[in-house]
Structures are given as structure tokens and as C-alpha cells.
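Colleague: Take a look at the following structure, please.
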Amino acid sequence: MNSADLIELYRTVVTIRFAELRIREHVEAEGFGGFWHPGIGQEGVQAGAVAAMRSDDYLYYAHRGLGYAIAKGMDMAVLFGDLLGRSTGSTGGKGGGTVHFADQSRGVLGQGGTLGSNFVMGAGTATASQLLGDGRVTVVFFGDGAAGRGTWHEAALQASVWKLPVVWVCENNGWALSARFTDQSPTPNIADRAPAYGMPGVIVDGQDPIAVHDATSEAIGRARSGEGPTLIEAKTLRIRGHYEGDRQPYREDKVADDEIPNDPVHRLGEQVDDDTRRQIDAEAREKVAAAFDEALAAPRADPSVIFEAVWA
Amino acid sequence: MASERVLGYARAINEALAEEMRRDERVWMMGQDIGKMGGVFGLTKGLQEEFGASRVRDTAINETFIVGGAAGAALGGTIPVVELQFADFVLTAADEVFHKLAKWRYMHGQFEMPVVVRLPSGVVGGAGAEHSQSLETLGMHIAGLKVAVPATPADAKGLLKSAIRDPNPVLFFEHKGLYRAKGPVPEDPELVVPFGVANVARQGRGMTVVATGLMVGRALEAADRLSEDGIDLEVVDPRTLVPLDIDTIVASVEKTHRLLIVHEAPRTAGFGAEIAQQVQERAFFALDAPVWRVAGTDTPLPQDPELEQMCIPSVDDIVEAARALAAV
């Protein structure tokens with residue numbers, strides 16, 4: 001990765017971090033209309049993988065955080081609008097939670113609220129690209145918990161048989177709500193399941209955005225050239241509860257005070273010179289604050305939105 | 001006047017698929033055994049030969065992918081027409097049908113979802129409790145899905161073409177018991193049957209019978225028998241349940257003053273209940289008698305073909321009910 005790209009990647013990672021912190025501040029101070037599933041500490045996976053995508057590649061994100069969409073270039077004021085149930089959100093105010101936002105122009109195709117939906121949807125979108133020959137790759141994010149769904153098997157099998165241009169990116173943060181990954185997996189890694197589908201399974205340090213970027217870039221290259229899917233497992237850690245406010249009574253090794261092991265922000269920041277880093281930090285903080293204020297100031301949706309977009 | 005020829009219901013569906021794939025390169029198909037084999041019921045015969053294995057794809061046994069993949073492929077700019085081998089498998093792919101297809105546009109406030117799910121439906125003779133159901137009412141209860149229930153070859157072709165051209169997801173219930181039924185079908189490939197327009201299959205003044213799918217033919221046969229007794233049935237086939245052409249049904253009831261609803265689906269909370277309710281809301285004072293239903297039993301369907309027929313309305317059942325209702 002050249003130094004200009006590295007600096008941009010740092011900017012993305014730190015922007016996501018400030019967004020995480022701003023949202024938490026809001027949730028703690030004022031409560032919240034939905035459940036916020038914090039992705040703090042996992043910014044390196046989200047930013048690193050998306051940085052390897054082309055702007056017209058397709059993205060299905062997972063439920064933890066907004067990092068994927070920020071990295072794909074969605075307007076933060078719009079994203080915060082979705083979170084806060086504002087009419088200016090990408091869903092026109094039907095949001096109010098972390099689950100749904102989309103931007104067709106940037107290939108951000110959304111997420112199913114029933115975890116594991118993204119597997120079959122993503123394989124289908126990749127089928128469309130294969131049929132149309134449009135050269136696009138679909139990247140599907142999921143957690144270690146969602147990997148338990150049967151949809152994974154159905155989609156992974158067909159995607160490999162058809163050599164679809166799709167990349168599976170698992171953020172293995174060790175926890176599916178109260179279930180410890182190692183209690184629900186017979187093998188130590190999600191990537192161990194890849195050989196059954198005849199595809200490469202790659203394990204990467206999720207706290208290292210550059211390593212995630214490089215692994216994803218290679219997988220996207222394979223996908224784009226017709227060699228089929230890759231399963232990438234990024235090892236990371238859930239820092240907070242399942243949702244903000246979850247006291248995690250089921251967890252003995254809670255992370256205290258945001259002590260993020262191998263914090264991707266610091267790890268990447270060390271490779272950026274101090275002046276540049278300070279300037280990026282200040283700009284990112286300011287940009288997040290302004291976007292959040294803009295979303296807060298926007299009106300809530302008119303109730304008529306209930307009846308909109310049922311039909312095309 | 002447009003020319004017609006006599007075609008089978010299955011052949012009419014095959015023709016609609018071929019014509020729409022010729023018309024629009026974005027249209028493609030997937031399902032189990034639909035390519036090389038041409039479908040377990042032969043509906044897709046010859047299509048892989050004409051359009052290639054890329055546009056007519058055989059899948060593994062994976063209904064969640066067939067439907068969920070179709071949803072994703074629609075977002076990717078194509079128009080998937082997928083086949084579930086039996087309509088009952090909408091329950092195997094329920095999350096993909098009722099959440100992804102039906103709600104993706106709504107939840108995200110954008111996108112179109114031009115997907116057709118072809119669903120071989122209904123009793124066909126010994127297929128059993130999980131391969132014989134009439135599940136069309138499910139599509140009425142969960143918003144975001146259109147529902148077609150064609151009863152004739154011409155409607156099967158014309159409604160399927162409408163479905164493929166619709167930017168919304170459509171559940172297309174083909175009755176397996178009608179696949180060999182023959183009827184006149186227009187030649188013109190641009191002739192489509194619009195959704196939400198009922199067909200008055202028989203004009204009459206004495207009683208309105210609303211029926212769909214296999215039951216339309218049985219209602220018409222019952223009408224022929226009853227006409228000898230001076231009971232004059234008007235048979236209305238809604239053709240699509242979403243949208244539902246309630247106006248034509250109400251207009252018919254205002255003329256006949258009696259309504260009998262016939263469906264193969266189980267009686268309780270079937271689409272007959274909804275139609276009866278809408279009619280009494282709109283035309284209560286036009287009714288000279290209660291609205292009655294002749295419907296499937298509130299049981300699973302036994303696999304034995306003789307027992308199975310006892311679970312769905314027969315011509316005799318319709319004749320008997322209509323006679324009794326006429327006397328109320």
C-alpha cells in the first residue's frame with residue numbers, strides 16, 4: 001500500500017472511530033429509538049476490506065457499526081439520519097436503529113434484519129454480475145454468529161459451483177450475542193469451513209487494516225477474474241456488549257474501558273507522521289460532529305412515509 | 001381481431017417464458033431440474049437449449065438461495081424468474097419470500113424487486129401434505145407481494161408476462177392440476193393480462209360464485225348443471241389476489257344478491273374470508289343471504305389420491321352448496 005492510500009485508510013478508520021464514539025455519547029445521554037450495535041474496535045476490518053473494493057462493487061454489510069458504509073463513501077449525515085429516524089436518512093425516515101441503510105449509487109445494497117440473509121442475497125447479486133458481465137464483485141460481511149445459518153451453506157455451495165464473483169468477509173469477534181464462538185463451533189476457525197466449498201479460506205488479523213485490505217484485494221482479484229469466491233476470516237474482538245447498554249452478564253472477560261487490544265486506530269496511526277495524523281484526527285472529529293448535528297437538526301419522518309415504497 | 005390457437009396451460013407458460021427472455025436479455029431463470037431436464041413438470045422444456053445454461057440455470061436443492069439469490073440478482077440489475085419445484089416450498093424459503101422479496105424496498109426506501117417466483121400449486125394426485133397445498137392467501141397477508149392464480153392457458157401466459165414486466169415481486173401460483181388443460185391462447189406476444197382485473201368467466205343473474213385456479217372449471221361445471229334447475233350462476237375469477245379486483249366482485253353481487261366463494265385452500269382464514277368481509281363492508285344491503293364458502297378442509301392433505309380429493313371442493317359440493325344458498 002502506498003503512503004497516500006495508507007493515509008486515506010487511516011482517515012477512514014479514525015472517522016469511523018469518532019462516529020462510534022459520537023453515537024455512543026448520544027445513546028448514553030438521550031436514549032435511542034432502536035438498538036445500537038457498536039462496532040468499536042472492528043473498524044480495521046470494515047475499513048480495510050472496503051478500501052480494496054472498486055466504487056461500483058456491491059456491498060452487503062453486517063449489523064455491527066456503520067463503518068462499512070462510511071468506508072464506501074456514504075454521506076455520514078445521511079447515515080446518522082437513518083440511525084436517528086430522520087427524514088433525511090437513506091431510508092427516508094423508516095430507520096431508527098442500526099440495521100438498514102442503503103445507497104444504490106455506491107453499491108451499498110443493504111442488510112437483512114434476519115442474520116444470514118446477506119449470504120443468499122450476495123450470491124444472487126454476484127450471479128447478476130456474472131450474467132451481465134459487468135465486472136463487479138460483491139463483498140458480503142457477516143459475523144461468526146451468522147455463519148451458523150443454513151443460508152450460508154446454500155449460498156456458499158452455489159457460489160463456488162458457479163464460480164461467482166463474491167467475497168465472503170467474516171468479522172469473527174468471538175461473540176454472537178451471549179454465545180462464545182468457541183462454544184458453538186467444532187473447529188477453531190470459520191475459515192476451516194472453506195475447503196468443503198472448494199474455496200480458499202484465509203485467516204487475517206482483523207486489527208491490522210492493511211493486512212485485511214491486502215487479503216481482500218487478492219480475493220477480489222480472484223473473484224473478478226472468474227476464479228470464484230474466497231472466505232476471509234478477520235479475527236477481531238467485540239469490545240462492547242451486543243447492543244449499547246448490554247451489561248454482558250454472560251461474559252467473564254469483559255473489555256474494560258475500551259482497552260482495545262491492538263487498536264487498529266493506533267496501529268495504523270503509528271505509520272502516519274504526527275502532524276498529518278493530528279490534522280486528520282481534527283478534521284475527522286469535526287466532520288463527524290457536523291454530520292451528527294446536521295442529522296439531529298433534520299425533521300423526523302412524516303407519518304405518510306409508512307405507506308411509501310411498499311410498491312414500486 | 002387477434003388470432004388464437006389452442007394451447008395447453010403448461011405450454012402457454014413455457015411460451016411466455018421464452019417470449020419474455022427473447023424480449024429482454026435481463027430476464028433469466030433458475031431452479032431445481034429446470035435446465036437439462038426441463039422441469040419436473042416439463043414447464044421449462046427447450047429453454048436451456050435456446051437460451052443457454054447461463055440464463056437457464058440448474059441449482060442445487062437450496063430454496064433459500066433460489067429465492068434470496070433472485071432478490072439479490074434483482075438488485076444487481078437483472079429480472080430473475082425462478083421456479084420452486086412445489087409451491088409448498090415457499091415455506092422452505094419463507095424468510096426470503098416474505099422478508100427479502102416483500103420488504104427490501106420498503107426497509108431501505110429504494111430499489112426495485114422485479115422477481116417472479118413460479119409456484120406449482122394445489123392438489124395433483126397423491127403428492128402428499130407438503131407438495132399439494134394452496135398457499136396463495138399467505139401472499140395476501142404479508143404486504144409487498146403480488147399474487148397471481150391463473151385458471152386458464154390464456155391467463156397463465158398473459159399474467160406471467162405481466163408478472164415478468166412488473167417491478168414488484170410476484171408469487172405466481174400455477175395449478176398443477178391444470179397443466180394439461182387446453183384453451184385458446186392469443187398469438188400476439190405483446191398481449192398481456194393486467195393484474196387486478198377479474199375475469200367474469202360466466203355471466204349469470206342468480207348468484208355470484210368467486211373461484212380461482214382449479215376451482216374455476218369446477219364452478220363452471222356446477223353452473224352448467226344448475227342451469228337445468230333454473231339457478232343461474234355468475235362465475236367471477238379474480239385472476240390475481242394482490243391486487244384484488246373487489247369492484248368487479250361487488251358489482252356482480254349487487255346484480256345477483258348472493259355470494260358463494262369457492263377455494264381449494266383450507267376454509268379457515270382463506271382468501272374467501274377476506275372477500276366475504278370486503279363484500280359485506282361495501283354491499284351489505286345488496287345481499288339477500290349470508291355469504292357462504294365451499295373450501296378445503298382444515299386438515300393437512302392426506303397422500304392417498306382418493307382421500308385427498310375429499311379434502312377439496314368437488315363439482316358436487318359446489319352444486320349442493322349453491323342449491324342450498326339459492327334457497328336461503
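Colleague: Which helices (runs of 4 or more DSSP H) does segment A:1-88 wholly contain that include 2 or more residues that are surrounded by fewer than 19 Cβ atoms within 10 Å (Cβ to Cβ)? Break it down into steps so the answer makes sense when it comes.
Modeller: Values: elements: A:3-30, A:43-51, A:67-71, A:76-83.
In segment A:1-88, A:3-30 are the helices (runs of 4 or more DSSP H) which contain 2 or more residues that are surrounded by fewer than 19 Cβ atoms within 10 Å (Cβ to Cβ).
Colleague: Can you name the residue in segment A:115-132 that is within 7 Å of another protein chain (Cβ to nearest Cβ) and hydrophobic (A, V, I, L, M, F, W, C) and is also most open to solvent (accessible area, probe 1.4 Å) among such residues?
Modeller: Narrowing segment A:115-132 to residues within 7 Å of another protein chain (Cβ to nearest Cβ): A:117, A:120-125, A:127-129, A:131-132.
Applying the additional criterion that residues be hydrophobic (A, V, I, L, M, F, W, C) yields A:120-121, A:123, A:128, A:131-132.
Working: A:Val120: 0, A:Met121: 0, A:Ala123: 0, A:Ala128: 0, A:Leu131: 45, A:Leu132: 79 Å².
Checked segment A:115-132; the qualifying residue most open to solvent (accessible area, probe 1.4 Å) is A:Leu132.
Colleague: Same structure again: Pick out, from segment B:116-221, the strands (runs of 3 or more DSSP E) lying fully within it that include 3 or more residues that are within 19 Å of B:Ser252 (Cα to Cα) and modelled with pLDDT of 95 or more.
Modeller: On the way: elements: B:116-121, B:146-148, B:170-175, B:182-186, B:199-202, B:207-211.
Hits in segment B:116-221: B:199-202, B:207-211.
Colleague: Which one of B:Glu264, B:Glu306 is at pLDDT 95 or above, assigned to a helix (DSSP H, G or I) and within 22 Å of B:Ala127 (Cα to Cα)?
Modeller: The unique qualifying residue is B:Glu306.
Colleague: Of everything in segment B:22-73, what is open to solvent by less than 10 Å² (accessible area, probe 1.4 Å), more than 12 Å from chain A (Cβ to nearest Cβ) and part of a helix (DSSP H, G or I)? Give them in sequence order.
Modeller: Correct list: B:Leu47 only.
Colleague: Now for a different question. So which residues in segment A:182-198 are open to solvent by 20 Å² or more (accessible area, probe 1.4 Å) and in contact (Cβ under 8 Å) with a residue 12 or more places away in the chain? Walk me through how you get there before you give the answer.
Modeller: Restricting attention to segment A:182-198, the residues satisfying the condition of being open to solvent by 20 Å² or more (accessible area, probe 1.4 Å) are A:182-184, A:186-189, A:192-193, A:195-198.
Once the filter is applied, which keeps residues that are open to solvent by 20 Å² or more (accessible area, probe 1.4 Å) and in contact (Cβ under 8 Å) with a residue 12 or more places away in the chain, segment A:182-198 yields A:Gln184, A:Asn189, A:Arg193, A:Tyr197, A:Gly198.
Colleague: Being of a type in the set (A, V, I, L, M) and more than 13 Å from B:Gly196 (Cβ to Cβ) is the filter here; which residues of segment B:142-173 pass it?
Modeller: At the first step, the residues of segment B:142-173 found to be of a type in the set (A, V, I, L, M) are B:142-143, B:145, B:147-149, B:151, B:154, B:156, B:159-160, B:163-164, B:170-171.
Once the filter is applied, which keeps residues that are of a type in the set (A, V, I, L, M) and more than 13 Å from B:Gly196 (Cβ to Cβ), segment B:142-173 yields B:Ile142, B:Ala143, B:Leu145, B:Ala151, B:Ala154, B:Ala156, B:Leu160, B:Ile164, B:Leu171.
Colleague: Do we have any residue at all in segment A:181-197 that's modelled with pLDDT of 95 or more, part of a helix (DSSP H, G or I) and within 14 Å of chain B (Cβ to nearest Cβ)?
Modeller: Yes, some residue in segment A:181-197 is modelled with pLDDT of 95 or more, part of a helix (DSSP H, G or I) and within 14 Å of chain B (Cβ to nearest Cβ).
Colleague: I would also like to ask the following. On the basis of being open to solvent by 40 Å² or more (accessible area, probe 1.4 Å) and over 20 Å from the mean Cα position of the chain (by Cα), does B:Glu254 make the cut? Write out each step before concluding.
Modeller: Numbers: open to solvent by 40 Å² or more (accessible area, probe 1.4 Å): yes; over 20 Å from the mean Cα position of the chain (by Cα): yes.
In short, yes.
Colleague: Name every residue in segment B:280-290 that is touching a helix residue (DSSP H, G or I) at 6+ places or on another chain (Cβ under 7 Å) and open to solvent by 40 Å² or more (accessible area, probe 1.4 Å), in order of residue number.
Modeller: The answer is B:Arg282, and nothing else.
Colleague: Then there is this: May I ask you to list pairs of residues, at least six apart or on different chains, whose Cβ atoms are under 7 Å apart, with the first in segment A:285-312 being within 30 Å of B:Pro243 (Cβ to Cβ) and the second being open to solvent by 80 Å² or more (accessible area, probe 1.4 Å)?
Modeller: Hits for this filter: A:Ala312/B:Glu112.
Colleague: A further question follows. If I filter segment A:100-114 down to residues being more than 8 Å from chain B (Cβ to nearest Cβ) and part of a loop (DSSP other than H, G, I, E, B), which single residue comes out as farthest from A:Arg54 (Cα to Cα)?
Modeller: A:Gln111
The values are calculated or read from the model by the stated rules, or taken from the named source; none is laboratory data. Quantities reported herein were computed from a predicted structural model and do not represent experimental measurements. Please note: Cβ atoms are built from the backbone with ideal geometry, for glycine as well, and neighbour counts cover all protein chains shown. Ligands, DNA and RNA are excluded from the accessible area calculation, which covers all protein heavy atoms including side chains. Shrake-Rupley method; radii C 1.70, N 1.55, O 1.52, S 1.80 Å.
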